[in-house]
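Structure record follows, encoded as structure tokens.
The values are calculated or read from the model by the stated rules, or taken from the named source; none is laboratory data. Bear in mind that the values here come from a model prediction, so they are computed numbers and not experimental data. Cβ coordinates were reconstructed from backbone atoms using ideal geometry, including for glycine residues, and neighbour counts include every protein chain displayed. These area figures cover heavy atoms from the full protein model, side chains too; ligands, DNA and RNA do not enter into them. Shrake-Rupley method; radii C 1.70, N 1.55, O 1.52, S 1.80 Å.
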Amino acid sequence: MSRTYDVAIIGAGYVGLPLAQTFADAGQRVLVVDVVPALVEAINRGESHIEDVSSETLAPLVSSGKITATADYEELREADAILIALPTPLTKQRVPDLSYVEAAARGIAPVLQQGHVVVLESTTYPGTTREVVKPILETGGLEAGKDFHLAMSPERVDPGRTDWTTKTTPKVVGGLTPACTAAAAAVYRTAIDTVHEVSAPESAELTKLLENIYRSVNIALVNELAQLCDRMSIDVWEVVEAAASKPFGFQSFQPGPGLGGHCIPIDPYYLSWKAREYDFSTRFIDLAGEVNNNMPYFCRSVISQAMNHGAQKSMSGSTILVLGVAYKADIGDMRETPAEKLIELLRTAGANVSYHDPHVPEFDGMTSAELAPEDYDCVAIVTAHTSIDYGDVVSRANIVVDFRNATKGHEKKGKVWKL
């Protein structure tokens, strides 16, 4: 049966839109489905809201008919494959929130067709595809693995990265049956350079969690080491750099003010939650989360010490400029940024806080201030955007607290304090 679209992607966010571009660049006809009408209208005008997909890139794909956006799930009938790329956040109690995925599955179920390929891309705990998505899809009357193919292929997006893209980053795919795996892999091979097949959706789901838990645990290790180095008056950055000189057996991770982004602060808790179903305690994961979640509190104390000893000022009533609020350098992505918690803690301590970020014009009810370090009692470097001249910041500032080693080579005793 010939359909209008080769691929439909539910969710036009950080995962969905780059994925749509990748398929369209490969000559595939792509339908993007999103429930936000304004977003749909913007995409159909060729206007992108995602940094990794410029409007200049999107516009010709839209005008040529390679990408079309809609809010109507009925149009999924006209796609050969349906990829679900929606957020999977945590509740305030750190319990997995699959409401977006479940709502999408309910929208897909009535329009499922014989031979459809449905793939979940959203990061989640092992068992979601089989235990949550499959039963909902089957309410439409078709059977997964028999009437339609169902698989899991977790997204691996790293916003702002250019050396590894959606096209060049290998895709892990695990289906409900071998035929489901083969069908899903065939969809991705039309646009992705490398596809790695695994035996089941659960393996694919756990693969993504392992990747980010690995990073969370290792970042927690250096964050804990940074706190110890502070007490021992040892430069943790020098130690990490020296250890990285070993050509084998060591991979460098850097300390910082806390975890940010759409994966590392969230994904480990998905596995911890699922593990309890099996009477299993993920102690490494939980301890790493505890260490990383404590970093904004530790960073607040470092700022307080710097101001007390370097400027003989207390936190209360002081002016502090937070330099960089995006969760990582050179992008405007604010998801789970540790800057948010640190600013809250500084305000609670009585500080008057402003921020400067060339990538984030507005944040937390504030607008990005002019970069005038001399106007503040303290400048705290939370995100090290490469467009900023940190030597100039040090020369103009009263006190600098550097959580990213951005001032390397510009250190001044009594003026620059580091993590």
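Quick look at the numbers
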quantity	calculated
Of residues in segment 265-289 being without any contact (Cβ under 8 Å) to a residue 60 or more places away in the chain and of a type outside the set (Ser, Thr, Tyr), the one most open to solvent (accessible area, probe 1.4 Å)	Arg283
Number of positions in segment 148-162 that are open to solvent by 30 Å² or more (accessible area, probe 1.4 Å) and modelled with pLDDT of 95 or more	2
Long-range neighbours under 6 Å by Cβ, at least six apart or interchain, first residue of a type in the set (Gly, Ala, Ser) within segment 5-29, second modelled with pLDDT of 95 or more and assigned to a loop (DSSP other than H, G, I, E, B)	Gly11/Ala85; Gly11/Leu86; Ala12/Asp34; Gly16/Ala85; Ala24/Lys66; Ala26/Thr190; Ala26/Ala191
Residue among Ala349, Ala329, Ala306 that alone is within 25 Å of Glu370 (Cβ to Cβ), in contact with a strand residue (DSSP E or B) (Cβ under 9 Å, 6 or more places away or on another chain) and of a type in the set (A, V, I, L, M)	Ala306
Some residue of segment 237-252 being within 26 Å of Ala8 (Cβ to Cβ) and either buried (at least 22 other Cβ atoms within 10 Å of the Cβ) or touching a residue at least 60 places away in the same chain (Cβ under 8 Å) (or both)	no
Residue list for segment 397-419, filter: over 18 Å from Ser318 (Cβ atoms) and open to solvent by 10 Å² or more (accessible area, probe 1.4 Å)	Arg404, Asn405, Ala406, Lys408, Gly409, His410, Glu411, Lys412, Lys413, Lys418, Leu419
Residue list for segment 219-236, filter: open to solvent by less than 40 Å² (accessible area, probe 1.4 Å) and either β-branched (Val, Ile, Thr) or touching a Phe, Trp or Tyr at 6+ places or on another chain (Cβ under 6 Å) (or both)	Ile219, Val222, Val236
Residue in segment 291-313 that is among the aromatic types (Phe, Trp, Tyr) and at pLDDT below 95 present	no
Filter result for Gly145 (over 27 Å from the mean Cα position of the chain (by Cα), within 17 Å of Ala204 (Cβ to Cβ) and open to solvent by 10 Å² or more (accessible area, probe 1.4 Å))	yes
Scope segment 120-141; condition surrounded by fewer than 17 Cβ atoms within 10 Å (Cβ to Cβ) and either without any contact (Cβ under 8 Å) to a residue 24 or more places away in the chain or in a loop (DSSP other than H, G, I, E, B) (or both); matching residues	Gly127, Glu131, Pro135, Gly141
The one condition in (1) touching an Asp or Glu at 6+ places or on another chain (Cβ under 6 Å); (2) in contact (Cβ under 8 Å) with a residue 60 or more places away in the chain; (3) closer than 23 Å to His49 by Cα; (4) not basic (Lys, Arg) that Ser318 fails to fulfil	(3)
Criterion: in contact with a Lys or Arg (Cβ under 7 Å, 6 or more places away or on another chain), open to solvent by less than 10 Å² (accessible area, probe 1.4 Å) and either closer than 30 Å to Gly260 by Cα or modelled with pLDDT of 95 or more (or both) - qualifying residue of Ala104, Ala109, Ala79	Ala79
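Residues checked against (1) in contact with a helix residue (DSSP H, G or I) (Cβ under 8 Å, 6 or more places away or on another chain); (2) open to solvent by less than 10 Å² (accessible area, probe 1.4 Å):
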{"site": "Leu346", "(1), (2)": "yes, yes"}
{"site": "Val353", "(1), (2)": "yes, no"}
{"site": "Ala369", "(1), (2)": "no, no"}
{"site": "Thr386", "(1), (2)": "no, no"}
